[in-house]
1. Any idea which residue in segment 1-16 is surrounded by the fewest Cβ atoms within 10 Å (Cβ to Cβ), counting only those that are outside any strand (DSSP E or B) and either β-branched (V, I, T) or touching a residue at least 60 places away in the same chain (Cβ under 8 Å) (or both)?
2. What's the number of the condition V178 fails, among (1) among the hydrophobic types (A, V, I, L, M, F, W, C); (2) touching a Leu at 6+ places or on another chain (Cβ under 7 Å); (3) under 24 Å from A65 (Cα atoms)?
3. Could you list all residues from segment 143-156 that are in contact (Cβ under 8 Å) with a residue 40 or more places away in the chain, among the hydrophobic types (A, V, I, L, M, F, W, C) and touching a helix residue (DSSP H, G or I) at 6+ places or on another chain (Cβ under 6 Å)?
4. Give the residue, chosen from Y21, Y105, Y51, that is modelled with pLDDT of 95 or more, aromatic (F, W, Y) and in contact with a His (Cβ under 9 Å, 6 or more places away or on another chain).
5. Got a number for residues in segment 130-150 being in a helix (DSSP H, G or I) and surrounded by fewer than 21 Cβ atoms within 10 Å (Cβ to Cβ)?
6. Within segment 109-129, is even one residue outside any helix (DSSP H, G or I), more than 18 Å from the chain's Cα centre (by Cα) and within 19 Å of E83 (Cβ to Cβ)?
7. Which of (1) touching a Phe, Trp or Tyr at 6+ places or on another chain (Cβ under 6 Å); (2) under 29 Å from Q108 (Cβ atoms) is the odd one out, the single condition L93 does not satisfy?
8. Condition check: in a loop (DSSP other than H, G, I, E, B) and within 20 Å of T162 (Cα to Cα). Does I87 satisfy that?
Amino acid sequence: MKTVIFFIRHGQVHNPKSIIYGRLPGFSLSAEGKTRIKEIAEELKEEGIEYLYTSPMLRARQTAAIIGKKLGLVAKVSRLLIETNLIIAGIPLSVFKSKIQPKIYDPQFIRKGQESIEAQAKRMLKFVHLMEKRHRGGKVAAVSHGDPIMILKAAILGAKFTYKYKKEHYLKPSYFAVLTAENGRYIWS
């Protein structure tokens with residue numbers, strides 16, 4: 001039986017100080033983010049989604065609440081969907097993008113406590129297997145974050161998640177990727 005998981009990246013975040021927020025608390029959706037998620041919820045309404053899960057981060061919970069309202073579902077929180085544990089949360093976004101982002105998963109950062117690509121792939125795959133077991137044959141929506149979703153996608157496709165891969169395939173806020181799981185086979189659409 002096919003289990004279908006809609007991996008949704010949370011909506012655009014209100015970030016007036018333009019910092020890399022990672023797992024910092026209190027980062028909510030912007031007005032534009034809420035509007036776009038309402039549009040996505042309308043699209044998802046036609047998909048027959050039966051179950052809804054979300055990362056515990058505020059922006060993800062808000063995204064899930066908007067989607068849940070449209071679908072008549074209440075989201076369950078799963079820490080497996082949480083944002084990447086960034087050791088540099090709180091620095092200016094401009095510094096992150098120009099000096100750190102291309103090498104954030106390098107050993108020098110991993111040794112300092114940065115969550116690795118492998119650790120994220122492992123927890124996201126655990127979520128997929130849990131959904132296959134718990135909701136076999138069902139349709140699930142899962143609100144998460146950019147890197148964890150794209151790392152999962154790369155892992156399933158057998159691709160190496162590099163900065164180049166990230167730039168070429170990244171999932172924008174409020175967009176989703178669909179994973180169909182059936183008998184140990186996985187197809188992205």
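1. Pass one, segment 1-16, residues outside any strand (DSSP E or B): 1-2, 10-12, 14-16.
Applying the additional criterion that residues be either β-branched (V, I, T) or touching a residue at least 60 places away in the same chain (Cβ under 8 Å) (or both) yields 1-2, 10-12, 15.
On the way: M1: 9, K2: 14, H10: 27, G11: 29, Q12: 20, N15: 14.
In this case the residue turns out to be M1.
2. Result: V178 fails condition (2) only.
3. Once the filter is applied, which keeps residues that are in contact (Cβ under 8 Å) with a residue 40 or more places away in the chain, among the hydrophobic types (A, V, I, L, M, F, W, C) and touching a helix residue (DSSP H, G or I) at 6+ places or on another chain (Cβ under 6 Å), segment 143-156 yields V143, L152.
4. On the way: Y21 fails: in contact with a His (Cβ under 9 Å, 6 or more places away or on another chain); Y105 fails: in contact with a His (Cβ under 9 Å, 6 or more places away or on another chain).
After applying the criteria, what remains is Y51.
5. To start, the set of residues in segment 130-150 that are in a helix (DSSP H, G or I) comprises 130-134, 146-150.
Adding the requirement that they be surrounded by fewer than 21 Cβ atoms within 10 Å (Cβ to Cβ) leaves 130, 133-134, 146.
Looking only at that region, the number is 4.
6. Pass one, segment 109-129, residues outside any helix (DSSP H, G or I): 111-116.
Then drop every residue that is not more than 18 Å from the chain's Cα centre (by Cα), which leaves 111-113.
Filter once more, so that each one left must be within 19 Å of E83 (Cβ to Cβ): 112-113.
Within segment 109-129, one or more residues are outside any helix (DSSP H, G or I), more than 18 Å from the chain's Cα centre (by Cα) and within 19 Å of E83 (Cβ to Cβ).
7. It fails just one condition, (1).
8. Details: in a loop (DSSP other than H, G, I, E, B): yes; within 20 Å of T162 (Cα to Cα): yes.
Against the criterion (in a loop (DSSP other than H, G, I, E, B) and within 20 Å of T162 (Cα to Cα)), I87 qualifies.
The values are calculated or read from the model by the stated rules, or taken from the named source; none is laboratory data. From a predicted model like this one, the values you see are computed outputs, not experimental measurements. Neighbour counts run over all protein chains shown; Cβ positions are idealised from the backbone, glycine included.
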